[in-house]
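What follows is a single structure, written as structure tokens, with notes after it.
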Amino acid sequence: MTNESPRRRFPTGDLARISVFAALIAVLGLPGALNVFGNAVPITLQTFGVMLAGAILGSWRAALAVAVLILLVAAGLPLLAGGRGGLGVFTGPSVGFLLGWLPGAALTGWIVERGGSNPGIVRLVVACLAGGVGVIYLFGIPVQAAVTGLPLVQAALLSLAFVPGDVAKAVLAAVVARGTQRAYPDAIPAVHSERVKAG
Amino acid sequence: MIGIYVPGDSLLHHLPAWAKVLGLVVSCTVLVLLGSLAALAGFSAFVAILYVVSGVGFTAAWAQIRPLRWFALVLFVMQFVLMGLDTAVVSTLRIVLAVALAGLVTLTTRFADMMTFFERCFGPLRGVGVDPFRVSLLLSLTVRSVPVISALATRVREAQRARGVSWSMRAFAIPLVVSALRHADALGEALSARGLDD
């Protein structure tokens, strides 16, 4: 990003954005924060936060925000939906979905970054679907199959119930990202890095 | 924010974090290698004894397993249909035990101790230009930001309610994200003003 000055590879403004988005993803999973589906279905809005992080922060900052959150969860903070946290999450069957957040957020960010200073809604929807649904399932299902010993197809079937909700979340994340970027142009990754470069 | 850690004075509480994580890795490997029902029953007893020794109590133990309950049920039924009773019991039990063991490590290790252990693991990264000070700043800023963002979410929701707006995800999330970003950028400027860029 800033090859000419390696000392500023990690500007302080980015540091603040990364930690605030890591916190935002955590807050979206807090009980009572948002009960869109009346708590009946275990659908959380945390992946919605992951997609938003990608679309707004850009690839590497979004991946770093997710990494920070995962690290804090591993150390024992109950920051995942339903107050889950600790090492138990990492030996459980859904760990692949959690680790998939990392490349998922990065891919969403990468696609949005390619859109330049005015990423359209179509690009945002594609980015959120590819990163926030595609990549996460790509990591989640094989890991689940490996942990449970189920064949890949059966493991995929187990996840099928979550697909409609996840697709809806991806579209919603794209709409919210678009609205945010209209209200606050600095929420567009390309615009932000231009501004940081300009100093 | 309250961690998962349960204070106590047991042997497990006094073991260093690295020893517990190493023990967890070894036990999980053993667990994967165990195939028979009898061996798994023995392992279950071992886990149960560890929980009793740790003295974390039943509520804390159940909180570790609880998120798995529906998944375990569905998995058991699927395995039973596909591969018979023995396989179903073994593989379901294996997952529950692995989660219980890993949970026990977290239940008996302070957040700060675990973070110190992680920091030591990431020590070699210093060679590739990772600044440990910035990493710990990033982590503590995140911990501090959780209540701030949570308060922002409450405020946005209350403002919406006060205006009598019917529930709309868009009308909730956009103001929340914009105000979170404003907060982040102000925070970044405050950090720069304190000389963190140099």
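The test for being within 9 Å of another protein chain (Cβ to nearest Cβ), within 15 Å of the chain's Cα centre (by Cα) and not basic (Lys, Arg) holds for B:Leu104. Annotation note: Cβ proximity below 6 Å between a residue of the stretch B:9-20 that is among the hydrophobic types (A, V, I, L, M, F, W, C) and a residue that is assigned to a loop (DSSP other than H, G, I, E, B) (sequence gap 6+ or interchain) occurs for B:Leu12/B:Thr108; B:Ala17/B:Thr109.
Looking only at residues of the stretch B:139-198 that are hydroxyl-bearing (Ser, Thr, Tyr) and more than 9 Å from chain A (Cβ to nearest Cβ), we find that the one that is surrounded by the most Cβ atoms within 10 Å (Cβ to Cβ) is B:Ser179. There is at least one residue in the stretch B:56-65 that is farther than 30 Å from B:Ala151 by Cα and away from chain A (no Cβ under 14 Å). Residues that are assigned by TED's automatic domain parsing to the domain that holds B:Gly23, closer than 21 Å to A:Val147 by Cα and modelled with pLDDT of 90 or more occur at least once in the stretch B:47-55. Within the stretch A:69-92, restricting attention to residues that are over 18 Å from B:Trp62 (Cβ atoms) and buried (at least 24 other Cβ atoms within 10 Å of the Cβ), the residue that is nearest to the other protein chains (Cβ to nearest Cβ) is A:Ala75.
Of the residues making up the stretch A:49-63, those that are more than 8 Å from chain B (Cβ to nearest Cβ) and among the aliphatic types (A, V, I, L, M) are A:Val50, A:Met51, A:Ala53, A:Ala55, A:Leu57, A:Ala62, A:Ala63.
Looking at the stretch B:119-133, is at least one residue in a helix (DSSP H, G or I), at pLDDT 90 or above and more than 7 Å from chain A (Cβ to nearest Cβ)?
Start the filter on the stretch B:119-133 by keeping residues that are in a helix (DSSP H, G or I), which leaves B:119-121, B:123-128, B:132-133.
Now narrow it down to the ones that are at pLDDT 90 or above: none.
Within the stretch B:119-133, none of the residues are in a helix (DSSP H, G or I), at pLDDT 90 or above and more than 7 Å from chain A (Cβ to nearest Cβ).
If the condition is being out of contact with any Asp or Glu (no Cβ under 9 Å at 6 or more places or on another chain) and either hydrophobic (A, V, I, L, M, F, W, C) or modelled with pLDDT under 95 (or both), then the stretch A:115-126 contributes A:Gly115, A:Gly116, A:Asn118, A:Gly120, A:Ile121, A:Val122, A:Leu124, A:Val125, A:Val126.
Condition first: assigned to a helix (DSSP H, G or I), under 25 Å from the mean Cα position of the chain (by Cα) and within 10 Å of chain A (Cβ to nearest Cβ). Can you find one or more residues in the stretch B:40-49 that meet it? No, every residue in the stretch B:40-49 fails to be assigned to a helix (DSSP H, G or I), under 25 Å from the mean Cα position of the chain (by Cα) and within 10 Å of chain A (Cβ to nearest Cβ). If you filter the stretch A:131-157 down to residues that are aliphatic (A, V, I, L, M), out of contact with any helix residue (DSSP H, G or I) (no Cβ under 6 Å at 6 or more places or on another chain) and surrounded by fewer than 21 Cβ atoms within 10 Å (Cβ to Cβ), you find that the one that is farthest from the other protein chains (Cβ to nearest Cβ) is A:Leu138.
The values are calculated or read from the model by the stated rules, or taken from the named source; none is laboratory data. The model shown is predicted, which means the values in this text are computed figures rather than measured ones. All Cβ positions, glycine included, derive from the backbone under ideal geometry; neighbour counts span all protein chains shown.
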